[in-house]
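One structure is given here, and the rest of the page talks about it.
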Amino acid sequence: MSAFVLQVQDLDESGKEWNFAIGTDWLSSALAGTELKPTGHEGAFHVHAQRTGQDILVQGQLSADMLASCARCLADVAIDVDLAVAALFSPEHTRPYSSEEIEVRLDETNRDYYGGTEIVLDPMVREHLLLEVPMKALCSDDCEGIPIPERLRPPNEVFGTSALDARFAPLLKLKEELTKKEE
Ligand SMILES: [Zn+2]
């Protein structure tokens, strides 16, 4: 179910405004299958769209909160998205067919196509949200990662008296004797 839909018939050259709420349900399904989680707060998507010839220029301001996992300690990391987005939607019948033409048009960032009477912005919103998340999110720059439990740490002193391996006993005795001689 698309949440951010513009009716093409509503659009003229002076443009029109939309104020969408980014619901938590929408966010949950948009983030499904990613490492990201919604925070339970609604986001907002303010859109201005206008017709320019047969194309529709969409400009928007997108704000939403998400949670990523710290790459080192797995703690939640708040990702607050607040960014301007823009895309130019052309009628589906103008979509290039030859690969040569597609290559040329790839230079034009954020061009998309619409068919029928609606422009669906859901994929664009999702894409921008995912692009805002760093490859390695960190809870803080000096995060030291998951603390290693004491019992899993390597012993500090191999020749410490506690938990000494019986096989080291002769060596320890020798060490004691040598130390005595040095005194
Ligand atoms: Zn961390």
Kindly establish whether A137 is in a loop (DSSP other than H, G, I, E, B) and modelled with pLDDT under 75.
-> no
Could you grab the pairs with beta carbons closer than 7 Å, sequence gap of 6+ or different chains, first residue in region 10-25 and under 14 Å from I119 (Cα atoms), second one of a type in the set (D, E)?
-> K16/D10
All but one of (1) over 22 Å from E92 (Cβ atoms); (2) over 22 Å from the mean Cα position of the chain (by Cα); (3) at pLDDT 95 or above hold for A44; which doesn't?
-> (2)
Log entry, pairs with first residue in region 136-152 being within 14 Å of A78 (Cα to Cα), second being near the ligand (Cβ under 10 Å from one of its atoms) and aliphatic (A, V, I, L, M), beta carbons closer than 7 Å, six or more apart or on different chains, reads K136/A71; A137/A71; A137/V77; L138/A71; L138/V77; C139/A75; C139/V77
Confirm whether P147 is within 16 Å of the ligand (Cβ to nearest atom) and modelled with pLDDT under 80.
-> yes
Condition set part of a strand (DSSP E or B) and surrounded by fewer than 16 Cβ atoms within 10 Å (Cβ to Cβ), scope region 70-87, selection nearest to the ligand (Cβ to nearest atom): answer is D76
If you scan region 100-119, which residues turn out to be farther than 18 Å from L57 by Cβ and modelled with pLDDT of 65 or more?
-> G116
Boolean, S90 is farther than 30 Å from G115 by Cβ and either of a type in the set (S, T, Y) or within 16 Å of the ligand (Cβ to nearest atom) (or both) = no
Of the criteria (1) under 32 Å from the mean Cα position of the chain (by Cα); (2) modelled with pLDDT of 80 or more; (3) charged (D, E, K, R), which one E176 fails | (1)
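The values are calculated or read from the model by the stated rules, or taken from the named source; none is laboratory data. Bear in mind the structure is a predicted one, so any value in this text is a computation, not a measurement. Don't worry about glycine lacking a Cβ; one is built from the backbone with ideal geometry, like all the others, and counts go over all protein chains shown.
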